[in-house]
Amino acid sequence: MYTMFGSADWFLICGLGSLGQHCVVALKEFEVGLIAIEQIQPQSWEIANIPDLVNNLIWGDCRDQSVLEKATIGQCRGALILTNHEQTNIETALAIRQLNPHIRLVIRSSKTNLNQLLSQQLGNFVAYDPTALPAMAFALAALGTTMLGSIALEQQRIQIIQCPVEPGSPWTNLRHLDQFNSPTRRLLTHASAVDVLPANFHQWEQDTPIRVGDRLVYVEVVDTRNSLHGFDRTNGEGQILRQSSRSARAPMNKNRSSLWQAIPSRYWQDWQRQLVQFSQLGLQSQVRRVAVLYGITVLILLLIGTLLFHQYYPGISLRAAFFDTAILLLGGYGDLFGNFHQLEPIPWWLRLFALGLTIAGTAFVGVLYAILTEALLSSKFQFIQHRPPVPQQNHIVIIGLGRIGQQVADLLQDLRQPLVGMTLGVDADAALLPHLPIVTSNLTTALVQANCSTAKSVAIVTADEILNLEIALMIQTIDPTRRLVLRTAGQHLSKLLPQILPQTQILDVYTVAAEAFAGAAFGENIINLFRFNSQTILVTEYQIEVIDTLNGLLLADVAYGYEAMPILHQQQEHPATLLPPDDVRLHVGDRLIVLATIDALRRIEQGRISIKPKSWRLRVEQVLTPFAAIEGIQAISKGTGCPVETVRQLIITLPATLPTLLYKHQGQQLVKVLSQMKVKACLIPMQKLGSN
């Protein structure tokens, strides 16, 4: 991220399909120069004024070195490679890196492993799948709950919640909004029952009372670091150490006695456990239990027969007796006793025993054949897995199981939501989401089979926009109150659909993804995104550098000046802090993650502070104790950025007003902190101060 930019900052866009055109619109908001390469001139543009937004439009193959040189790639700050062919994108990235070793590369690719390898080799490289980026937005929209977003950070989870204040809600116990914030919760915005939610963050007054019907949007740490894994591991190690310590102190003969007493008991318990498992197995599969019993019986008969034949056959060896017994068990009675005259006299009871061996062996072979047949049939039908039944009500229907549909289904299954998928006449692969009930029929029949009339919501995410519209209109005809989430991929349809589908949440895939691509082009890391109030909120990670516009600022400036929400701050070689306080100052090497709109990212990039400047000053009236004066000086200096010596002189001449200007929320928070330190202070508007 650079401090300022103008005509010297140029960006190259390779591929002007739907995603490329939306990226042109998003990047133009940053007031940068744009160069675009497209192989074939289209007959019409999806966004009509694209040629006017691009400073230099070049026709040719973006992989061609001469075309890249014509695009002055050596002077470009970043390149967005967005064609529909992943191989072309990767080849273009390699060609650009050879011509410009320092350019920022942002490519369109769904090859996760390859993207990581290329990032290590090329450097200053990031890749996104435009169909994967909005998956969370679709899932949360279909869920229809109060959760707007969910981000995993530092083994914890941060959620963005929008909820109404209902009768009996714990928020009604709070008198004012300033009591809402806590170390694990921060208010983003607030609106009464009759007002519209503000588009920007921090548009609320701290002394506003909380009433039933109000709507609150806030960030909350829902997974505090109890670190269950670490806790169990520590406890486990402690127990082992304590046990070994006790063993060391115990007398040796006592240990030996306990050991010899424990061995028979342990083996007896193992035998009992195995017998129980065997009986349970028999109840589950009679054929397998019989096979185990027959196997044991055959082994016993083989041993007995070998010994008997060796004893009563004069001159026969033990090996020959073993093989003769085996032949009898395999049904070879006629082979051994088929001749009417026997060379050697054999007792009648031994011949009767041999006949029994043949009968037992024949039965064993029959059971063996039954097991093999069962195994073959099981392996055959294993490929046709039985999916769960279709839920009857209060479930979510996902129509279209392409890449977006599959990812939405995965996210909702992780949230343990009842689901049903629909593929519209195309048989689903058995390996496709095996635990998801899938309906494969024509449209009219499939809507009935999926129980759309009793579903909680329906997410229509096929790649065909017209088909999506048709399905949405059919469902609206069946039930106008049904929650619908509709996927589109173009501005024209997205702008027209709200007129005929006013209750439907319409998400344009490329519009949402383009903002993430545009933000990443400036060197930032877009971790996640979600939708709020018809706009995209980007979860953006900054690594503070010397020339950054954020370097040296307080987090209060980031929050109230740029209208972003810092959710994580980490100094070098220090643990990260979630929802850090406003008085933290950013330094080179710090890591910062914020929630911000594309407009806020643009102003951060340009170094343009909010249109609402600092207009409040802190007036300190009284310090009640000497110790409060020491604490107050440190708190005021840290919270405002004013030098300690200036604050010390202020405290000496009370009552006095601090010359440093503050944001209203920043000053109100500081007044609250000073009150806890027994320092009386208040905020004075700059206009009122001037009139005095």
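The values are calculated or read from the model by the stated rules, or taken from the named source; none is laboratory data. Computed from a predicted model, the values in this text were never measured in an experiment. No Cβ is skipped: glycine too gets one built from the backbone with ideal geometry, and neighbour counts run over all protein chains shown. Just so you know, the surface numbers come from the protein's heavy atoms only, side chains and all, with ligands and any DNA or RNA stripped out. Shrake-Rupley method; radii C 1.70, N 1.55, O 1.52, S 1.80 Å.
Couple of notes before you dig in:
- Among the residues of the range 203-217, those that are assigned to a strand (DSSP E or B), under 16 Å from residue 166 (Cα atoms) and free of Cβ contacts under 8 Å to residues at least 60 places away in the same chain comprise 209, 215, 216.
- Across the range 40-58, not a single residue is classified as in contact (Cβ under 8 Å) with a residue 60 or more places away in the chain, out of contact with any strand residue (DSSP E or B) (no Cβ under 7 Å at 6 or more places or on another chain) and closer than 23 Å to residue 540 by Cα.
- Residue check, residue 59 touching a helix residue (DSSP H, G or I) at 6+ places or on another chain (Cβ under 7 Å) and open to solvent by 70 Å² or more (accessible area, probe 1.4 Å): no
- When each of 619, 648, 602 is tested for being among the basic types (Lys, Arg), in contact with a helix residue (DSSP H, G or I) (Cβ under 6 Å, 6 or more places away or on another chain) and farther than 23 Å from residue 158 by Cβ, the lone residue that passes is 648.
- Qualifying residues in the range 521-534 (those that are under 19 Å from the mean Cα position of the chain (by Cα) and of a type in the set (A, V, I, L, M)) - the one surrounded by the most Cβ atoms within 10 Å (Cβ to Cβ): 529
- Residue count for the range 1-15 under the criterion of being open to solvent by 10 Å² or more (accessible area, probe 1.4 Å) and at pLDDT 90 or above: the result is 1.
- Extreme residue, farthest from residue 516 (Cα to Cα), among residues of the range 87-109 that are surrounded by fewer than 18 Cβ atoms within 10 Å (Cβ to Cβ) and out of contact with any helix residue (DSSP H, G or I) (no Cβ under 7 Å at 6 or more places or on another chain): 98
- Qualifying residues in the range 611-626 (those that are polar (S, T, N, Q) and within 20 Å of residue 684 (Cα to Cα)) - the one least open to solvent (accessible area, probe 1.4 Å): 615
- For the range 446-474, the set of residues classified as part of a loop (DSSP other than H, G, I, E, B) and either modelled with pLDDT under 85 or closer than 14 Å to residue 394 by Cα (or both) consists of 450, 451, 455, 456, listed by residue number.
- Extreme residue, nearest to residue 55 (Cα to Cα), among residues of the range 73-102 that are assigned to a loop (DSSP other than H, G, I, E, B) and without any contact (Cβ under 8 Å) to a residue 60 or more places away in the chain: 100
- Residue, nearest to residue 17 (Cα to Cα), within the range 457-506, restricted to residues that are basic (Lys, Arg) and open to solvent by less than 60 Å² (accessible area, probe 1.4 Å): 487
- Taken over the range 581-602, the criterion of being open to solvent by less than 40 Å² (accessible area, probe 1.4 Å) and either outside any helix (DSSP H, G or I) or within 23 Å of residue 639 (Cα to Cα) (or both) is satisfied by 582, 584, 586, 589, 590, 592, 593, 594, 595, 596, 597, 600.
- Among residues that are open to solvent by 90 Å² or more (accessible area, probe 1.4 Å), in a helix (DSSP H, G or I) and either in contact with an Asp or Glu (Cβ under 8 Å, 6 or more places away or on another chain) or at pLDDT below 75 (or both), residue 357 is not included.
- Filter pass, residue 148 being in contact (Cβ under 8 Å) with a residue 40 or more places away in the chain, buried (at least 20 other Cβ atoms within 10 Å of the Cβ) and within 14 Å of residue 595 (Cβ to Cβ): yes
- Filter result for residue 51 (part of a loop (DSSP other than H, G, I, E, B), of a type outside the set (Ser, Thr, Tyr) and open to solvent by 30 Å² or more (accessible area, probe 1.4 Å)): no
- Against the conditions (1) modelled with pLDDT under 90; (2) assigned to a loop (DSSP other than H, G, I, E, B), residue 26 satisfies every one except (2).
- The range 174-217, subset farther than 30 Å from residue 576 by Cα and touching a helix residue (DSSP H, G or I) at 6+ places or on another chain (Cβ under 6 Å), residue least open to solvent (accessible area, probe 1.4 Å): 210
- Selection count where residues are polar (S, T, N, Q) and within 28 Å of the chain's Cα centre (by Cα), scope the range 445-474: 3
- Failed item in (1) in a strand (DSSP E or B); (2) within 23 Å of residue 555 (Cβ to Cβ), with residue 669 passing the rest: (1)
- One residue stands out in the range 579-637 among those that are out of contact with any strand residue (DSSP E or B) (no Cβ under 8 Å at 6 or more places or on another chain) and β-branched (Val, Ile, Thr): the one that is farthest from residue 32 (Cα to Cα), namely 625.
- Here residue 117 fits the description: open to solvent by 50 Å² or more (accessible area, probe 1.4 Å) and not in a loop (DSSP other than H, G, I, E, B).
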